[in-house]
Every structure is written in structure tokens, then in C-alpha cells.
Amino acid sequence: MSINRAEKICWKKCWILNYVLAFLLFTIWCFSMMWRWHPVVVYACKEQRSDVLILSPWLAPIVWNGTYNSVILNAQFHQRNVRVGITVFATKKYTIFVQNFIDTAEKYFMVGHKVTYYVFTDRVSDIPAIDLREGRHLVVLQVPTYQRWQDVSMRRMEMIRHTSQERFINEVDYLVCVDVDMIFSDEIGVEILSNLVGTLHPGMFSVPRESCTYERNPQSEAYIPTDDGDFYYAGGFFGGTIEEIYKLTNFCHNAMMADQAKNIEAIWHDESYLNKYLLYHKPTKILSPEYLWDDDFGRPDYLKRRRFLAVRKNHYQIRNRR
Ligand SMILES: *[C@@H]1O[C@H](CO)[C@@H](O)[C@H](O)[C@H]1NC(C)=O
């Protein structure tokens, strides 16, 4: 009898001990998990921006300084060995911008990643030889000359579409299409890469949609009704995968040609058609005006970094000289 009782007490104690042990182990596990995720949790809590919109209504991130961690992103894109192409058009006198554009890009654009510069020009011999870092290349592509700057600007869509099939699809994973009369003045990295990317126009940021300079002529292929539209995107900075860029440039070029046949030209040329496309094919990522700034718009508080800046120039002189 007494032996049985002693055994029972022992079993009870063992059970209690097991519970205590399990609880201890669980606590240790919790702490180790907290420790493991600690930096991310702190990052998410501390660095998010509360002064600006950081998510579109269709849940596309809007990229501002302080909304991402470039260490994590760089590791992710290095793992995929990503190749990035960047296109610029430097026709006529615009060739003078190429040197500074590439020099500053070498310092700030996608540093540490594979980059190919595609410079479209009608003056191949005016493009200087430029020293590039390892893993970076310069490709100069000959294009026809157009007299009006509006045509030069609009024909970019056709040429990007054409080259997407011919080259880009075999050579790069993402394409970034920008203006050449710009300089990089702060880091631009893989945080901008996504399937389809638009950039908020610095002058149209925080403007109500009725006042955005969308094309309002119902006859035009770029027409957007006054009660439609969300963001206004800049013609000078868009990007995405080659497939998405092909679709975008194909739409824009065809729409422009259809308008031309009707003797119509949208108010802001290629930018108007781009806005039409991006309104009905929502970007998967949106870049804040940090990625396309012009000091003519001043230095607002929300702008923590100016990464890509318009070069001050005399518009009239450069556009009209041949
Ligand atoms: C930009 O964001 C980083 C964190 O991602 C922060 O450390 C830095 O201070 C910010 N820069 C400015 C100018 O606010």
C-alpha cells in the first residue's frame, strides 16, 4: 500500500516538473524568436513615414526614404543576380548631357548591381567614351533625327518597344526609362524595381485630380475624364520588366499614332499617353518625387532626399538648335 502511494506522489511531481520544463522551453523559444526578428520589428516600427502616403489604394508601395531597408533588398536582388537596363535619348544637342548623366549614375545608380546604359542618339560620334565600374556597360544605339522636340520625345516609345524585342529581353531583367537632362545626386537602388513602376510628377504632387494636367479632349486616345485619375505620373521616369515595358510602350505608341491620324496631339505628349496607360494598368510600385526632382519646386519638408535632379538649362536654346 505505502509503496503504491509513494509512486503516485512521484508521478504527480514528475508531471508538474514536465509542465514547468515545457513552459521554460517555450519562454526561451519566444525570446529567441523575438531576438531573431528584433531588427525587422524595430525597423518596421521606427522608420515608417507618417507624413506622406506610403501605400496606394491598390496596395502598391510608394517609395520614400525611410520606407525600406536597402541591406535586405540588396541581398534579395543579388541572390537573383538581377540585371538592370537604363535607357536615355540624347539626340541633337542633348548629347552634352550624357557624360554627366553617366558619371553621376556610376556613383549613385544601382551601385553593386549589373547595369547596362542604353543611349539612343542620332550623333553616335558625340557620345564620349566613359570609364565604367565592373559589371556595367554602355550600349550606343543609332536613331533617326526628328525635327520637333515633341516628336523626339514621343518617338521614344516606339524605339523602346522595338528594342525591347530586339535586345532588352535577352540582356536585362528590368528596364528604367528616364530623361537624359538629369543628374543623380543621391542613391537609387533596387528599391525601385518592380513589374510596372511609375513616378509621381514633382509638380503635380498633392494637386487634386481635377487639376491634374491629364488630356481632357474626349477625341484623344489619352483622354481621361475629369472625375477619373488618381496619381499623375512623370514622363521622365518609368520602369518595369521588359514584358511590361513592351506592353506600355506598345500602347503609348499606338495611341499616339491613332491620334496623329486624327491630327490630335495630347497636351503633354508622351506623358499624357503614359498617364492614360498607368491609370488603367496600375503600377505595382510608385516612386515618390525623391526620384525625379526639379529645384524649381523648392525644398519641401517631405522631401528627405533628392536622388535624381533636373539639370538647369535654357529649354529654348537646346531644343531649337540643331
Ligand atoms: C533616410 O532614411 C534612413 C533610414 O532608412 C535614415 O537613417 C535617414 O536619416 C533618412 N534620411 C533623411 C535625410 O531623412
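The values are calculated or read from the model by the stated rules, or taken from the named source; none is laboratory data. As the structure is a computational prediction, the values presented were derived from the model and not from experiment. No Cβ is skipped: glycine too gets one built from the backbone with ideal geometry, and neighbour counts run over all protein chains shown. Surface areas here come from the heavy atoms of the whole protein model, side chains and all, with no ligands, DNA or RNA. Shrake-Rupley method; radii C 1.70, N 1.55, O 1.52, S 1.80 Å.
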From the option list S164, S153, single residue qualifying as of a type in the set (G, A, S) and open to solvent by 10 Å² or more (accessible area, probe 1.4 Å) is S153
Exactly one of T104, T163, T95, T199 is within 15 Å of the chain's Cα centre (by Cα) and not basic (K, R), and that residue is T199
Contact list, first residue from segment 58-71 and more than 19 Å from V111 (Cα to Cα) and more than 9 Å from the ligand (Cβ to nearest atom), second anywhere and of a type in the set (A, V, I, L, M, F, W, C) and in a loop (DSSP other than H, G, I, E, B), beta-carbon distance below 9 Å, six or more apart or interchain, is P61/I54; I62/V52; I62/L53; I62/I54; I62/F231
When every residue in segment 223-252 that is outside any strand (DSSP E or B) and touching a His at 6+ places or on another chain (Cβ under 9 Å) is compared, the one surrounded by the fewest Cβ atoms within 10 Å (Cβ to Cβ) is K247
For segment 211-244 the number of residues that are within 20 Å of C177 (Cα to Cα) and of a type in the set (D, E) is 2
Residues in segment 48-57 that are within 13 Å of the ligand (Cβ to nearest atom) and out of contact with any Gly (no Cβ under 8 Å at 6 or more places or on another chain) total 3
Counting only residues in segment 181-207 that are polar (S, T, N, Q) and open to solvent by 30 Å² or more (accessible area, probe 1.4 Å), the one nearest to I286 (Cα to Cα) is identified as N195
Within segment 253-268, residues surrounded by fewer than 20 Cβ atoms within 10 Å (Cβ to Cβ) and either of a type in the set (D, E) or not in a helix (DSSP H, G or I) (or both) come out as K262, N263, I264, E265, I267
Note on T95: of the conditions (1) without any contact (Cβ under 8 Å) to a residue 40 or more places away in the chain; (2) over 30 Å from Q142 (Cα atoms); (3) more than 16 Å from the ligand (Cβ to nearest atom), unmet is (2)
For segment 59-72 the number of residues that are farther than 14 Å from L287 by Cβ and not in a loop (DSSP other than H, G, I, E, B) is 3
Of E191, E134, E106, the only residue that is in a loop (DSSP other than H, G, I, E, B) and modelled with pLDDT of 95 or more is E134
Of the residues in segment 72-92 that are among the aliphatic types (A, V, I, L, M) and open to solvent by 10 Å² or more (accessible area, probe 1.4 Å), the one that is farthest from the ligand (Cβ to nearest atom) is A75
Of the residues in segment 273-316 that are among the polar types (S, T, N, Q) and crowded, with 16+ Cβ neighbours inside 10 Å, the one that is farthest from L55 (Cα to Cα) is N275
Is it the case that segment 170-177 has a residue that's open to solvent by 20 Å² or more (accessible area, probe 1.4 Å), closer than 24 Å to A90 by Cβ, of a type outside the set (G, A, S) and free of Cβ contacts under 8 Å to residues at least 40 places away in the same chain? yes
